[in-house]
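Novice: Once you've had a glance at the structure underneath, I'll fire off some questions.
The values are calculated or read from the model by the stated rules, or taken from the named source; none is laboratory data. Since we're looking at a predicted model, the values are computed, not measured. We place every Cβ from the backbone using ideal geometry, glycine too, and count neighbours over all the protein chains shown.
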Amino acid sequence: MNHSGAMLLEFKFMLILATLCSALLMLTRATVGERAELTPRTASAILEMLGEETIPGQSVAIDHFKAVFKHRLSGRIKLWQSVVKPELWACEATGNGMWAEITLVFVFNRAGRQIIGLRVVEQNETAGLGGLIAEETFCEQFADLHTEHGVEMAAARVMNNQFDAVSGATVSSRAVEKILNRALNALNDYN
């Protein structure tokens with residue numbers, strides 16, 4: 001077999017392998033379904049922001065969450081709408097941080113264009129610096145933040161859509177800003 005024939009055979013093999021992997025991924029996604037879209041940690045964080053008691057890490061939190069919210073969008077930005085109060089939306093969004101991906105969740109009042117609360121549920125930023133984005137003191141400043149023009153990191157919070165960065169962790173704070181604004185855009189675009 002000549003060189004071009006070997007390359008053609010190798011290309012066919014790679015094409016078949018890619019097709020099989022894609023089919024397996026689609027089959028797995030179909031069988032796992034929506035349950036894979038929601039972790040107990042996300043469900044508990046969102047329910048906690050709404051003042052509901054949950055047991056973290058338990059499927060009970062997921063079941064309780066599903067009784068309160070209806071799934072609307074999947075992907076790197078996940079959206080759920082409240083069954084009881086349709087103006088309330090829950091969102092989980094993932095994006096790049098300084099060292100790894102950051103996943104945050106927030107509850108949003110779409111009618112008032114206001115964030116109810118925010119939690120960082122997953123991050124691997126530098127401990128004592130960027131990792132402080134997961135601390136309550138950082139997250140609590142997002143409560144009641146207005147979002148008509150997105151959110152903005154500021155050196156001094158003077159407008160109702162601004163938040164303070166973590167000192168020494170501008171990259172991690174800016175990552176939260178980008179992830180949150182991308183999620184807010186997805187919420188605005190969703191009908």
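Novice: Given the options Asn191, Asn96, name the one that is surrounded by fewer than 21 Cβ atoms within 10 Å (Cβ to Cβ) and either modelled with pLDDT of 95 or more or closer than 20 Å to Thr42 by Cβ (or both).
Specialist: Asn96
Novice: Checking the structure you have, find out if any residue of the range 103-113 is small (Gly, Ala, Ser), over 22 Å from Glu48 (Cα atoms) and out of contact with any Asp or Glu (no Cβ under 7 Å at 6 or more places or on another chain).
Specialist: Within the range 103-113, none of the residues are small (Gly, Ala, Ser), over 22 Å from Glu48 (Cα atoms) and out of contact with any Asp or Glu (no Cβ under 7 Å at 6 or more places or on another chain).
Novice: Hey, can you tell me all the residues within the range 99-110 that are part of a strand (DSSP E or B) and surrounded by fewer than 19 Cβ atoms within 10 Å (Cβ to Cβ)?
Specialist: Glu101, Asn109
Novice: Can I ask one more? Please count how many residues of the range 54-63 are in contact with a helix residue (DSSP H, G or I) (Cβ under 8 Å, 6 or more places away or on another chain) and surrounded by fewer than 14 Cβ atoms within 10 Å (Cβ to Cβ).
Specialist: 5
Novice: Starting from residues that are part of a loop (DSSP other than H, G, I, E, B) and acidic (Asp, Glu), keep the ones in the range 47-75 and report whichever is farthest from Ile179 (Cα to Cα).
Specialist: Restricting to residues being part of a loop (DSSP other than H, G, I, E, B) and acidic (Asp, Glu), the top hit is Glu53.
Novice: Search the range 19-48 for residues being among the hydrophobic types (A, V, I, L, M, F, W, C) and modelled with pLDDT of 75 or more, and hand back the single one that is surrounded by the fewest Cβ atoms within 10 Å (Cβ to Cβ).
Specialist: Looking at the filtered set, the residue picked out is Leu20.
Novice: Please go through the range 113-132 and pick out each residue that is of a type in the set (S, T, N, Q) and under 17 Å from Ser82 (Cβ atoms).
Specialist: If the condition is that a residue be of a type in the set (S, T, N, Q) and under 17 Å from Ser82 (Cβ atoms), then Gln114 is the only one that fits.
Novice: Look through Lys78, Lys85, Lys66, Lys70 and report the one residue that is among the charged types (D, E, K, R), within 30 Å of Glu136 (Cβ to Cβ), at pLDDT 95 or above and surrounded by 15 or more Cβ atoms within 10 Å (Cβ to Cβ).
Specialist: After applying the criteria, what remains is Lys78.
Novice: What's the total number of residues in the range 76-96 that are under 9 Å from the mean Cα position of the chain (by Cα) and assigned to a loop (DSSP other than H, G, I, E, B)?
Specialist: 1
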